[in-house]
Amino acid sequence: MKMRTLKTFTSSIIINGHPLKKYNVVNFDDKELYLGEMDKKKPDGIGMYLYKNGSRYEGEWKDGERHGKGINTYSSGHKYNGMWKDDKRHGKGRCELLNGDLVEGEWKDNIRYAQCKITFVNGDIYEGEVKKCEWKDGKYDGKGKKTCVNGDIYEGELKDGKYDGKGKLTYANGNIYEGEWKDGKYDGKGKLTYANGDIYEGEWEDGQFCPKRDDENEIGRKKRRCSDD
């Protein structure tokens, strides 16, 4: 930050819910603007910063960096409301995405980590780990529990927001699949138990049961059907 002009005002202004009776207005060489409290010619205390890329931050500052509690509205439309440390998202916070999804949890050094809760705009709720996320595409990797508005409940691994890896899906109608997934479909070893007692257990590919992949699959399915008769 290289200051170009600085003016001090004594009129009242409210920034992020904090009333200020005295504040500074600063223009910087990179055409960015700051309104708020300062110390040693740096933002310090309560202030609002307007970035040249269209983003805006309102909240607490320390030694020229976002530090404490504040709200950052990004040029993309996403909004983060929570704790900051050394100019990075750090601590408890919530991120409101442009598509209406809400992410709540802990951040560390600008990265969403550990346990979190995602409330999707359609009403679905995910609770668990988020290892990687690309919010602009609505994609995330993790391991946790997803409760859908239609009554389905999934517990297990996800990749790019889809069931992928090992997991269990309990359908609202009582059917249960437990096993391996790929790209949101049954894929690999798994067991599908219908509410009426029918069971398909063995190898799956692209969501389809593969009874002829090996003899064990075919024999296993026949035994279960005979035992149910």
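Listed here are the residues, each with its yes/no results for (1) within 29 Å of Asp101 (Cα to Cα); (2) at pLDDT 80 or above; (3) outside any strand (DSSP E or B).
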{"site": "Gln115", "(1), (2), (3)": "yes, yes, no"}
{"site": "Gly128", "(1), (2), (3)": "yes, yes, no"}
{"site": "Lys143", "(1), (2), (3)": "yes, yes, no"}
{"site": "Gly151", "(1), (2), (3)": "yes, yes, yes"}
{"site": "Gly202", "(1), (2), (3)": "no, yes, no"}
{"site": "Pro211", "(1), (2), (3)": "no, no, yes"}
{"site": "Glu216", "(1), (2), (3)": "no, no, yes"}
{"site": "Gly220", "(1), (2), (3)": "no, no, yes"}
{"site": "Ser227", "(1), (2), (3)": "no, no, yes"}
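In the range 40-93, counting only strands (runs of 3 or more DSSP E) that sit wholly within it, the ones holding 1 or more residues that are closer than 20 Å to Asn27 by Cβ and touching a strand residue (DSSP E or B) at 6+ places or on another chain (Cβ under 6 Å) span 42-50, 56-62, 65-73. Just to be sure before I move on: is Gly64 touching a residue at least 60 places away in the same chain (Cβ under 8 Å), surrounded by 11 or more Cβ atoms within 10 Å (Cβ to Cβ) and small (Gly, Ala, Ser) in the structure I sent? In short, yes. Looking only at the range 59-85, residues that are more than 18 Å from Trp107 (Cβ to Cβ) and acidic (Asp, Glu) come to 1 in all. Selection of the range 10-27 for residues being assigned to a strand (DSSP E or B) and surrounded by 16 or more Cβ atoms within 10 Å (Cβ to Cβ) yields Ile13, Ile15, Leu20, Tyr23, Asn24, Val26. Checked against (1) touching a Leu at 6+ places or on another chain (Cβ under 8 Å); (2) free of Cβ contacts under 8 Å to residues at least 40 places away in the same chain, Ile15 passes all but condition (2).
The values are calculated or read from the model by the stated rules, or taken from the named source; none is laboratory data. A quick note: this is a predicted structure, and the numbers were derived from the prediction, not measured. We place every Cβ from the backbone using ideal geometry, glycine too, and count neighbours over all the protein chains shown.
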